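Okay, structure first, notes after.
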Amino acid sequence: MIHIFIINTLVAPPRYGDAIKEMLSDSNIKYYVFNTSKKGMEGDIAERMIRFFEGEKLRFYCIGGSGTFRNVVNKAIDYQDAEFAFCPYGATNDFLKVFGEDEAYFKDLNNLINGNVVDIDYIKTNHGVAVNTVSFGTDAEYSKYVMTSEEFEVLGKKLAFALPFFRAIFSSKKQRVTITYNGISVSDYISEAIIGNGYVLGGGIKFSDKFDYRDGKLSYTFIFNKSRLQLTRLLFKLVGGKLNEVLDEVITGEITECDLRTEDGKDIFVNFDGELVDADNYWHMEIVERGLKFIVPKMIEIN
């Protein structure tokens with residue numbers, strides 16, 4: 001097996017690559033360490049490694065945030081001899097929330113190197129894959145605005161993230177869409193739509209009260225045609241983990257597949273695990289049951 005460490009230097013410690021090389025200098029494993037220098041580069045590295053080592057078993061260690069992990073998986077998921085490890089250094093690391101307090105073990109590279117392979121579900125769409133969530137609406141607009149939030153960090157990181165949220169709420173325009181799921185079609189203006197394999201989006205929005213990342217099902221929460229104040233109240237309820245208090249105002253449940261189409265024919269912004277994509281006016285999403293070889297640290301027991 002070849003171990004490939006891909007480090008997103010925008011979020012991980014600058015000299016992390018040197019620390020990995022020093023740690024592995026006396027090991028018997030075959031490894032390569034790469035630092036990324038621009039957004040999306042991690043997926044390109046994964047593609048090149050697959051071409052170069054075709055026929056070899058590869059394990060990718062994605063060191064960064066949820067988007068880093070997603071970008072590698074998106075490019076390498078079709079390679080049957082690929083395994084994926086997530087070493088979290090992002091702001092939210094949403095998918096790892098399914099492991100509760102055990103999330104901390106994922107930062108220990110020795111735990112990952114000696115970890116166990118678990119087959120987990122992932123989300124496949126007609127425009128790429130996601131591990132945690134595919135979402136539309138306000139949070140996707142937020143992702144667009146947060147890219148420029150660095151200019152506000154002199155006022156504090158919390159404010160730098162709060163300003164894009166309120167900008168998304170109060171300046172974004174809702175699109176009318178048709179969502180088809182479980183034999184039902186709903187046509188309305190979308191305020192927020194979340195389809196997920198986990199249960200947390202953006203570090204705090206809890207869109208589902210139950211989850212199982214190996215059961216072949218996706219959770220969903222759809223919010224249609226709310227005013228800005230109504231949507232703000234609903235999102236704060238979800239951030240507070242109070243989905244049960246707003247069940248009469250949202251649509252929620254479980255699915256195996258879902259379609260979304262914009263009625264005006266214009267593209268819609270989509271959030272893949274924190275990565276913003278503006279690709280098409282039609283989206284098909286489905287669960288791939290236990291199709292991703294995921295590395296769980298050796299300290300975690302999986303039933």
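The values are calculated or read from the model by the stated rules, or taken from the named source; none is laboratory data. The structure presented is a predicted model; accordingly, all values stated were derived computationally and were not measured. Quick reminder, even Gly has a Cβ in these numbers, built from the backbone with ideal geometry, and neighbours come from all protein chains shown. For the accessible areas, the whole protein counts, side chains as well, though only heavy atoms, and no ligand, DNA or RNA atoms are used. Shrake-Rupley method; radii C 1.70, N 1.55, O 1.52, S 1.80 Å.
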> Taking the Cα centre of each part, how many Å lie between segment 81-116 and segment 233-303?
Replying inline: 20 Å
>> Run the simple label-point estimate for I184 and E289 please: 7 Å along Cα→C-beta, distance reported in nm.
In response: 2.2 nm
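Mind checking the per residue accessible area of the chain for me, 1.4 Å probe, whole number of Å²?
Details: 14190 Å² over 303 residues.
Normalised by residue count, the accessible surface of the chain is 47 Å².
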> When only alpha-carbon atoms count, how far does segment 31-80 stretch along each of its three principal axes, as whole angstroms with the largest first?
Replying inline: 28, 20, 14
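Using 0.36 nm per residue, how much length does the chain from N303 to R176 gain when fully extended, once their Cα-Cα distance is taken away?
Working: separation 127, 0.36 × 127 = 45.72 nm, distance 4.28 nm.
My answer for the length gained is 41.4 nm.
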> Which value, in debye to the nearest 20, describes the size of the charge dipole of the chain about its Cα centre when Lys and Arg Cβ atoms bear +1, Asp and Glu Cβ atoms bear -1, and nothing else is charged?
Replying inline: 640 debye
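What net charge is computed for the residues neighbouring T180, neighbours being all others with C-beta under 15 Å from the C-beta of T180, Lys and Arg scored +1, Asp and Glu -1?
Numbers: positive: R176, R261; negative: D188, E257, D259, E263, E286.
With Lys, Arg at +1 and Asp, Glu at -1, the net is -3.
Using a 1.4 Å probe over the heavy atoms of the protein chains, calculate the carbon and sulfur portion of the accessible area of the chain as a whole percent. Write out the running numbers ahead of the final one.
Numbers: 6750 of 14190 Å².
Its accessible area is 48 percent carbon and sulfur atoms.
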> Which aspartates and glutamates, on any chain, are close to K39 with Cα under 16 Å apart, when same-chain ones fewer than 8 places away are left out?
Replying inline: E47, E150, D273, E275, D278
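Which pairs in the list K57/K210; K174/K293; K124/K206; K38/K124; K30/K210; K21/K217 are over 32 Å apart, alpha-carbon to alpha-carbon? Please report the intermediate quantities before stating the final value.
Details: K57/K210 34 Å; K174/K293 37 Å; K124/K206 21 Å; K38/K124 25 Å; K30/K210 40 Å; K21/K217 39 Å.
K57/K210; K174/K293; K30/K210; K21/K217, as the Cα separations exceed 32 Å there.
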> Which one of L243, V296, M285 has its Cα pushed farthest toward the positive end of the charge dipole of segment 241-299, where Lys and Arg give +1 and Asp and Glu give -1 at the Cβ?
Replying inline: V296
